[in-house]
Amino acid sequence: MGERHRIETRVGRLAVRVVGDGPTAVLWPSLFMDERSWDRLVPTLTQDRRLVIINGPGHGASGDPGRRYSLNDCVTAAGQVLDRLVIGGAVDWVGNAWGGHVGLRFAADRPAQCRSLITLGTPVAALSRSERRQMYPLLIVYGVLGPIELVLSGVTEVLLSADTRAHDSEAVELVRDSLRRANRQMLRNAVISISLDREDLTDLLPGIATPTLLITGSDHSGFTPAQAKAAARLIRNGRTAVVPDAAYLVPLEAPTTTSTLVREFWARCAADRPAT
């Protein structure tokens, strides 16, 4: 189970789980998801790292600040979590979708604290008009009626690939359960703050010196393999990987492949790091 903490930050009191030993890796989940979306990876990743798993504001047992917030605020909050846990030095950042957005900003703004960066299913561009048109009706319905079937199925279809929806009922139920458990007001605030108001991060990429792996799912319409390759070319030490039959929630949909990619990247970074 590990240790559990509630830590006051700029984006509210965040629920944090710490498990494992060794160098520290920070894991931040996707929008709509809580820490359970990492559970399938924890047994293997803890063979190499101490994991600090942060529930984003308005998700899981985390609160929120009662106002709109930004990626910069989330980066500050992550730093406050590390300070509170007395974690010095650099960390490995692993972020799914929203968590990857925070990671890109963290690596750009705090390079001395970021040893390596892995993003999973993290679009670099801001939401397109078509994506906004798809999001707004669901957000309005959710705000009025809560997690009714229209909302549950709509979000599930975006986050999970058709293959996952057809063959992994446990993953489908986890997405739906995360939505049912969420505080309606706080989740709506997160969607507006982090998704609808999300900035385009393309101009940030050339300034990232941290070794970076951009992983996306083959079925991720919001961040295709071609888009991932284009983004990686802008990062000084950027690489890409594509996970078959996955969409946004790569760690949940393909845990074995994801664990292998993450651990191999950590090992490569360690081998490339100059001896001290």
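The values are calculated or read from the model by the stated rules, or taken from the named source; none is laboratory data. Quick caveat: nothing in here was measured; it's all calculated off a predicted structure. For neighbour counting, all protein chains shown are included, and Cβ atoms are generated from backbone atoms with ideal geometry for every residue, glycine included. Heads up: the accessible areas ignore ligands, DNA and RNA and are worked out on the full protein's heavy atoms, side chains in. Shrake-Rupley method; radii C 1.70, N 1.55, O 1.52, S 1.80 Å.
With (1) in contact with a helix residue (DSSP H, G or I) (Cβ under 6 Å, 6 or more places away or on another chain); (2) surrounded by fewer than 23 Cβ atoms within 10 Å (Cβ to Cβ) as the list, and Asp272 as the residue in question, which single condition is left unmet?
Only one criterion is unmet by Asp272, namely (1).
If you scan region 14-61, which residues turn out to be out of contact with any helix residue (DSSP H, G or I) (no Cβ under 7 Å at 6 or more places or on another chain) and basic (Lys, Arg)?
If the condition is that a residue be out of contact with any helix residue (DSSP H, G or I) (no Cβ under 7 Å at 6 or more places or on another chain) and basic (Lys, Arg), then Arg49, Arg50 are the ones that fit.
Look at Arg176 and say whether it is modelled with pLDDT under 95, open to solvent by less than 50 Å² (accessible area, probe 1.4 Å) and on the phi < 0 side of the Ramachandran plot.
Working: modelled with pLDDT under 95: no; open to solvent by less than 50 Å² (accessible area, probe 1.4 Å): yes; on the phi < 0 side of the Ramachandran plot: yes.
Against the criterion (modelled with pLDDT under 95, open to solvent by less than 50 Å² (accessible area, probe 1.4 Å) and on the phi < 0 side of the Ramachandran plot), Arg176 does not qualify.
Take region 1-18 and flag every residue that is β-branched (Val, Ile, Thr) and either touching a Pro at 6+ places or on another chain (Cβ under 9 Å) or open to solvent by 100 Å² or more (accessible area, probe 1.4 Å) (or both).
Here is the first cut: in region 1-18, the ones β-branched (Val, Ile, Thr) are 7, 9, 11, 16, 18.
Within region 1-18, Thr9, Val11 qualify.
Determine which member of the set Gly56, Gly95 is part of a loop (DSSP other than H, G, I, E, B) and touching a Leu at 6+ places or on another chain (Cβ under 8 Å). It would help to see each step written out before you state the result.
Working: Gly95 fails: part of a loop (DSSP other than H, G, I, E, B).
It is Gly56.
Taking the stated definitions as given, is Asp64 buried (at least 19 other Cβ atoms within 10 Å of the Cβ), more than 18 Å from the chain's Cα centre (by Cα) and part of a loop (DSSP other than H, G, I, E, B)? Full working, then the answer.
Values: buried (at least 19 other Cβ atoms within 10 Å of the Cβ): yes; more than 18 Å from the chain's Cα centre (by Cα): no; part of a loop (DSSP other than H, G, I, E, B): yes.
It is false that Asp64 is buried (at least 19 other Cβ atoms within 10 Å of the Cβ), more than 18 Å from the chain's Cα centre (by Cα) and part of a loop (DSSP other than H, G, I, E, B).
Taking region 67-85 as the region of interest, how many residues are part of a loop (DSSP other than H, G, I, E, B) and either closer than 19 Å to Asp21 by Cα or open to solvent by 20 Å² or more (accessible area, probe 1.4 Å) (or both)?
Residues that pass the stated criteria total 4.
Test Thr240 against the stated conditions and say whether it is β-branched (Val, Ile, Thr) and assigned to a loop (DSSP other than H, G, I, E, B).
On the way: β-branched (Val, Ile, Thr): yes; assigned to a loop (DSSP other than H, G, I, E, B): no.
In short, no.
I'd like the full set of residues that are surrounded by 16 or more Cβ atoms within 10 Å (Cβ to Cβ), more than 27 Å from Ser218 (Cβ to Cβ) and of a type outside the set (A, V, I, L, M), limited to region 112-145.
Within region 112-145, Gln113, Cys114, Arg115, Tyr142 meet the criteria.
Against the condition open to solvent by less than 10 Å² (accessible area, probe 1.4 Å), hydrophobic (A, V, I, L, M, F, W, C) and at pLDDT 95 or above, how does Ala171 come out, does it pass? Steps first, answer last, please.
Working: open to solvent by less than 10 Å² (accessible area, probe 1.4 Å): yes; hydrophobic (A, V, I, L, M, F, W, C): yes; at pLDDT 95 or above: yes.
Judged against the criteria, Ala171 is a match.
Within region 204-218, identify whether any single residue is part of a strand (DSSP E or B) and hydroxyl-bearing (Ser, Thr, Tyr), and answer yes or no. Don't jump to the end; show me each part of the working.
At the first step, the residues of region 204-218 found to be part of a strand (DSSP E or B) are 212-217.
With hydroxyl-bearing (Ser, Thr, Tyr) added as a condition, the list becomes 212, 216.
Yes, that holds for at least one residue.
Looking at the structure I just gave you, is Arg40 open to solvent by 30 Å² or more (accessible area, probe 1.4 Å), at pLDDT 95 or above, in contact with a Leu (Cβ under 8 Å, 6 or more places away or on another chain) and more than 20 Å from Cys114 (Cα to Cα)?
On the way: open to solvent by 30 Å² or more (accessible area, probe 1.4 Å): yes; at pLDDT 95 or above: yes; in contact with a Leu (Cβ under 8 Å, 6 or more places away or on another chain): yes; more than 20 Å from Cys114 (Cα to Cα): yes.
So Arg40 passes the test.
Anything in region 234-255 that is without any contact (Cβ under 8 Å) to a residue 40 or more places away in the chain and either within 15 Å of Thr216 (Cα to Cα) or buried (at least 21 other Cβ atoms within 10 Å of the Cβ) (or both)? List them, or say none. Break it down stepwise before answering.
Let us first name the residues in region 234-255 that are without any contact (Cβ under 8 Å) to a residue 40 or more places away in the chain, namely 234-244, 254.
Result: Ile235, Gly238, Arg239, Thr240, Ala241, Val242, Val243, Pro244, Ala254.
Here is a list: Asp21, Asp109. Which entry is acidic (Asp, Glu) and either touching a Lys or Arg at 6+ places or on another chain (Cβ under 8 Å) or open to solvent by less than 10 Å² (accessible area, probe 1.4 Å) (or both)?
Numbers: Asp109 fails: either touching a Lys or Arg at 6+ places or on another chain (Cβ under 8 Å) or open to solvent by less than 10 Å² (accessible area, probe 1.4 Å) (or both).
Answer to the check: Asp21.
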